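Since the structure comes first, as structure tokens, the remarks are kept for the end.
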Amino acid sequence: MNQISIRIAKTNDLETLLEFEQGVVEAERPLDPFLGKGKLFYYNIPEMIDSENVHLIVAVSGKELVASGYVRLENSRHYHKNPKHGYIGFMFVKPSFRGQRISNLILESLKNWAKEKDLKELRLDVYSNNNGALKSYERFGFNKSLVNMRMDI
């Protein structure tokens, strides 16, 4: 395994992070027939880099950015036991670096940041047909919760 380090994303990472975002979109297209065509943008990455409520990190091998992820502080629903939680997203690992458990390094770092913020809960969304991601998240300790359903009409 290559030596991987984790650090906070910086503004000069923006070009690569925008490429990662399109990598996320392309990975999700076969899983979601509701996604639009062409380039899609899920995130406001410059805002995420500057936000105090978002911890956007990257994994680096040498000088190459190879993965990303974030945790965002969110208010929970009034009926949940934890008033706030961390929402995890933008999990991406370059294809040539997959299988090295880099996502675990990112998740561990995000979890530690959330703990520093006194959060007691992490959440994320994953496609029900994304078996690889489901296994990875379950191996890390996540449990399935609600199932979101939809239909064309």
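Taken over region 72-95, the residue count meeting the criterion of being farther than 19 Å from THR11 by Cβ, hydrophobic (A, V, I, L, M, F, W, C) and touching a helix residue (DSSP H, G or I) at 6+ places or on another chain (Cβ under 7 Å) is 3. With the condition kept exactly as written, say whether any residue in region 92-109 is among the polar types (S, T, N, Q), at pLDDT below 95, surrounded by fewer than 18 Cβ atoms within 10 Å (Cβ to Cβ) and farther than 25 Å from LEU18 by Cβ. No: zero hits. Counted as qualifying within region 1-86 are the strands (runs of 3 or more DSSP E) with 3 or more residues that are in contact (Cβ under 8 Å) with a residue 40 or more places away in the chain and in contact with a His (Cβ under 9 Å, 6 or more places away or on another chain), namely 64-75. Can you name every residue in region 93-142 that is among the acidic types (Asp, Glu), over 16 Å from ILE57 (Cβ atoms) and assigned to a helix (DSSP H, G or I)? Selection gives GLU138 alone. Within region 111-153, the residues that satisfy the criterion of being surrounded by 12 or more Cβ atoms within 10 Å (Cβ to Cβ), aliphatic (A, V, I, L, M) and within 24 Å of GLU26 (Cα to Cα) are LEU124, VAL126, ALA133, LEU134.
The values are calculated or read from the model by the stated rules, or taken from the named source; none is laboratory data. Predicted model only: the values in this text are computed from it and were never measured. Cβ sites come from the backbone with ideal geometry, for glycine too, and all protein chains shown count toward neighbours.
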